[in-house]
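The structure appears right after this line, and notes come after that.
Just so you know, all these numbers are worked out from the coordinates, no wet-lab data involved. The structure presented is a predicted model; accordingly, all values stated were derived computationally and were not measured. Heads up, the Cβs are rebuilt from the backbone with ideal geometry, glycines too, and the neighbour counts pull from every protein chain shown.
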Amino acid sequence: MKILSDNGFALCVHPAIWRLAKIYEQFGRQFGDVIPYRRREPVMNRVLIMPSSARRTRQMEKLTNKRTMYLSGWAMEVNAKFRFGVDEALPLSDHADFPGLIEYVRRVNPKKVFTTHGPSDFARHLRALGYNAEPLAPPAQGELF
């Protein structure tokens, strides 16, 4: 949203996204010309932003004269646009990369870190840096440490 609005695009967003945008605005992030999406009102001359769960709904099928784009780190896959059923897939991750996560932990300096995504070696790496870290999920079969 921010990239599009900063580049002069008018936006129309799903109600769930609208609610999140309002929270961001309370903390100083502005999105420019943005309105909430209403099913029965046409979307004219605006970029419509919907959650990925709306991708293959009747609601989306009813929209005419549209081009769809899926933004995700998964778009790095060669067949992403076919897998997600969109016109284009743009690789844009919605979370920090490894160095970004390490920097976050360094700045916060928590007493305990629980990892929930990725390999358990991330928690091991954090422990090597001196942080009390462990994965929330049990290790995969065959993984001892």
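Can you list the GluC sites (Glu not before Pro) in the stretch 1-94 that are in a DSSP coil and have 14 or fewer other beta carbons within 10 angstrom?
Within the stretch 1-94, the qualifying GluC sites (Glu not before Pro) (loop, at most 14 other Cβ atoms within 10 Å) are 77.
Suppose the chain between residue 9 and residue 57 were pulled fully straight at 0.36 nm per residue; how much longer would it get relative to their current alpha carbon spacing?
Using 0.36 nm per residue and subtracting the Cα-Cα distance, I get 14.8 nm.
I need to check one value: relative contact order of the stretch 1-128, counting alpha carbon pairs closer than 8 Å and at least 6 residues apart, in percent.
Relative contact order comes out at 17 percent.
To check you understand DSSP bridge types, tell me what percent of the beta bridges within the chain (both residues inside) are antiparallel, rounded to 5.
Of the beta bridges lying entirely in the chain, close to 0 percent run antiparallel.
At what distance in nm do the modelled label points of residue 129 and residue 96 sit from each other, each positioned 7 Å from its Cα along Cα→Cβ?
0.8 nm
Helix-derived [θ] at 222 nm for the chain: sum -39500 (n - 2.57) over DSSP H runs of at least 4, divide by residue count, nearest 500?
For the chain, the value works out to -8000 deg cm²/dmol.
Over the stretch 52-127, what is the mean sequence separation of C-alpha contacts under 8 Å (at least six apart), divided by residue count, expressed as relative contact order in percent?
Reported relative contact order: 22 percent.
Can you work out the Karplus-derived ³J(HN,Hα) for every residue in the stretch 80-87? Use 6.51 cos²θ - 1.76 cosθ + 1.60 with θ = phi - 60°, whole Hz, and x for glycine or proline.
4, 5, 7, 4, 9, x, 10, 6
For the pair residue 19 and residue 78, how long in nm is the line joining their label points, each one 7 Å along Cα→Cβ?
4.1 nm
May I ask you to sort 72, 53 by Cβ crowding, counting other Cβ atoms within 10 Å and putting the fewest first?
Arranged by neighbour count, lowest to highest, 72, 53 become 53, 72.
Check residue 68: other-chain or 5+ apart residues with amide H under 5 Å from its amide H, H built from backbone geometry?
87, 88
Using a simple spin-label model with points 7 Å from Cα along the Cα→Cβ vector, what separation in nm is obtained for residue 69 and residue 35?
About 2.2 nm, to one decimal.
Taking all pairs of distinct Cα atoms, average 1/r, flip it, and tell me the Kirkwood hydrodynamic radius of the stretch 2-63 in Å to one decimal place.
For the stretch 2-63, the Kirkwood estimate is 12.3 Å.
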